[in-house]
Amino acid sequence: MVGAALAVGSAYAGSKLNLIINEAASVPEHLEVKLEDGKVFVPIDRLAEEFKGKATYDPDKNEVRVTLPDAAKLSIQVSRLEDALKPSTPEDALDTWVKGVQTRSGALQYAVLSPELREQTKKEFEEHYWTTGGSSPHMDAIENLVTESLDDNTVRFSFDYRLVASNYNGQGSAVMTVQQMETDRGEGWFITNVKMKDPGDTGITIGVEPMHP
């Protein structure tokens with residue numbers, strides 16, 4: 001929890017706490033971080049400056065106005081988009097994931113992954129600039145879809161998909177497990193596991209395991 005304080009008090013002086021933001025260390029003397037009763041406090045104007053923004057106080061309106069750069073606004077936009085993509089059915093999760101591979105959008109795939117799978121794959125998605133799949137061959141329509149209910153909250157999909165490239169037509173296959181769960185984004189059906197017969201047949205497909213014979 002970050003407490004807001006515009007005025008710098010003596011309680012912040014000589015802070016020895018290190019503050020790490022996005023894996024980068026910030027100078028504690030500048031931010032004047034304070035730990036009190038298990039809560040972390042830092043003057044909001046100093047924190048805004050760290051994100052290249054600004055905090056101002058208007059005594060007439062008795063309000064603090066914080067302005068952050070586009071990166072912070074884009075983060076909110078991404079959260080809203082992910083909320084809209086939250087799968088309400090197992091089929092929603094499957095369709096969004098497939099569309100992500102077809103359009104080479106790692107962001108679409110990531111939006112329907114379970115929290116555990118998101119944690120496992122986030123770094124790799126970032127390293128590939130949220131691009132997934134391959135341009136040649138690419139995944140076309142899925143075929144021979146089989147849906148199996150493992151329990152009240154778990155569904156497994158098995159399907160084939162066409163592989164399309166110039167002067168080439170092939171076929172791949174995959175098995176996907178989807179579970180209904182409560183997350184910090186609310187309740188939904190999220191992908192917990194994906195296995196493909198050949199994880200490399202559509203290029204770099206992140207978060208996929210090979211099928212065992």
Out of S136, S166, sole residue that is farther than 29 Å from E187 by Cα and either within 27 Å of the chain's Cα centre (by Cα) or of a type in the set (F, W, Y) (or both): S136
Cβ-Cβ under 9 Å pairs, at least 6 apart or on other chains, region 198-211 side in contact (Cβ under 8 Å) with a residue 40 or more places away in the chain and surrounded by 15 or more Cβ atoms within 10 Å (Cβ to Cβ), far side in a loop (DSSP other than H, G, I, E, B) and of a type in the set (K, R): G203/R104
Test: I191 is of a type in the set (V, I, T) and either open to solvent by 80 Å² or more (accessible area, probe 1.4 Å) or more than 15 Å from A93 (Cα to Cα) (or both): no
Which numbered condition D160 fails, given (1) open to solvent by 60 Å² or more (accessible area, probe 1.4 Å); (2) among the acidic types (D, E); (3) modelled with pLDDT of 95 or more: (1)
Residue under evaluation H212, criteria (1) part of a strand (DSSP E or B); (2) over 28 Å from V78 (Cα atoms), criterion not met: (1)
Elements of type helices (runs of 4 or more DSSP H) contained in region 53-137, each with 2 or more residues being closer than 30 Å to E182 by Cβ and open to solvent by less than 30 Å² (accessible area, probe 1.4 Å): 90-103, 106-111, 115-127
Residues of region 146-158 satisfying the condition of being assigned to a strand (DSSP E or B), of a type outside the set (S, T, N, Q) and without any contact (Cβ under 8 Å) to a residue 40 or more places away in the chain: V146, E148, L150, D151, R156
Members of region 174-213 that are at pLDDT below 95 and of a type in the set (S, T, Y): T183, T202, T205
Residue under evaluation V178, criteria (1) assigned to a strand (DSSP E or B); (2) free of Cβ contacts under 8 Å to residues at least 40 places away in the same chain, criterion not met: (2)
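The values are calculated or read from the model by the stated rules, or taken from the named source; none is laboratory data. None of these values were measured; they are calculated from a predicted model. With ideal geometry, Cβ positions are generated from the backbone for all residues, glycine too; neighbour counts draw on all protein chains shown. Ligands, DNA and RNA are excluded from the accessible area calculation, which covers all protein heavy atoms including side chains. Shrake-Rupley method; radii C 1.70, N 1.55, O 1.52, S 1.80 Å.
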